[in-house]
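In what follows, a structure is listed as C-alpha cells, so that the remarks can point back to it.
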C-alpha cells in the first residue's frame, strides 16, 4: 500500500490509532493512551515555549528508507517547513523527531526508528519513556542535552 492510498481510504479515517507503513507497505497501527497523548502535548508545549522560530508538530508522516513512519512530535525549522508544507508525506525528516515510548514498544524498535529518522535527515532524535524521562541522540549516539533546543528539560512532568 502507498501513503496516498492510506490518506484517502475511507475505512482508515477516524481511527484512534497512529498509522504507519512498514517496509512491505503493510499498515501498522499503534493505539495511544491518554498518558501517551499528554506526554506528546507537553513536549510540543516545551518546544513552542523554548523555540522562537520553527514549528512543533504532532504526528508528521515522514518518508524513510522503510516506508512512512510517524514520530509522535517533531520540530522543524522555517526552511524545512517551507520545503514540506504542501506534501502528503514529508520527503525529509524534520531537524528533531521525538517518540514517546508505549508499553508495546521495545527499546530496540525505538532505536531502529531513531536510525531511520537520522538517515532521513533528522539532526536529533529524542526518546521519552513512560515516566517522562527524555533521552537525546544525534548521529554519533547519545548526547546529554538537545543542542538544537536550549533549556529543554530531561524530564517531562505532567500536571
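The values are calculated or read from the model by the stated rules, or taken from the named source; none is laboratory data. For clarity, every value in this text was computed on a predicted model and none was experimentally measured. Every residue, glycine among them, receives a Cβ derived from its backbone with ideal geometry; neighbour counts consider all protein chains shown.
In the range 53-70, the residues that are farther than 18 Å from residue 18 by Cα form Cβ pairs under 8 Å with partners that are assigned to a loop (DSSP other than H, G, I, E, B) and at pLDDT 95 or above, at six or more places apart or across chains, as follows: 53/77; 54/77; 54/95; 65/120.
The single residue among 79, 99 that is free of Cβ contacts under 8 Å to residues at least 40 places away in the same chain and out of contact with any strand residue (DSSP E or B) (no Cβ under 7 Å at 6 or more places or on another chain) turns out to be 79. Please determine whether any residue of the range 143-152 is modelled with pLDDT of 95 or more, more than 24 Å from residue 68 (Cβ to Cβ) and not in a loop (DSSP other than H, G, I, E, B). The answer is yes, given that some residue of the range 143-152 is modelled with pLDDT of 95 or more, more than 24 Å from residue 68 (Cβ to Cβ) and not in a loop (DSSP other than H, G, I, E, B).
Condition check ((1) at pLDDT below 95; (2) in contact with a helix residue (DSSP H, G or I) (Cβ under 6 Å, 6 or more places away or on another chain)) across all residues:
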residue: 79; (1), (2): no, no
residue: 103; (1), (2): yes, no
residue: 107; (1), (2): yes, no
residue: 111; (1), (2): no, no
residue: 123; (1), (2): no, no
residue: 127; (1), (2): no, yes
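Every condition in (1) closer than 19 Å to residue 30 by Cβ; (2) in contact with a strand residue (DSSP E or B) (Cβ under 9 Å, 6 or more places away or on another chain); (3) outside any loop (DSSP other than H, G, I, E, B) holds for residue 108 except the one numbered (2).
Against the conditions (1) without any contact (Cβ under 8 Å) to a residue 40 or more places away in the chain; (2) out of contact with any strand residue (DSSP E or B) (no Cβ under 8 Å at 6 or more places or on another chain), residue 7 satisfies every one except (1). Say we look at the range 7-41 and pick out the residues that are part of a helix (DSSP H, G or I), surrounded by 13 or more Cβ atoms within 10 Å (Cβ to Cβ) and at pLDDT below 80; which of these is farthest from the chain's Cα centre (by Cα)? Top of the filtered list is 12.
Of all residues in the range 120-146, those that are within 11 Å of residue 96 (Cα to Cα) and without any contact (Cβ under 8 Å) to a residue 24 or more places away in the chain total 3. Those strands (runs of 3 or more DSSP E) of the range 43-96 in which 1 or more residues are farther than 25 Å from residue 24 by Cβ occupy 55-58, 73-76.
Residues of the range 139-157 that are surrounded by fewer than 16 Cβ atoms within 10 Å (Cβ to Cβ) and on the phi < 0 side of the Ramachandran plot: 139, 140, 142, 143, 144, 145, 147, 150, 153, 154, 155, 157.
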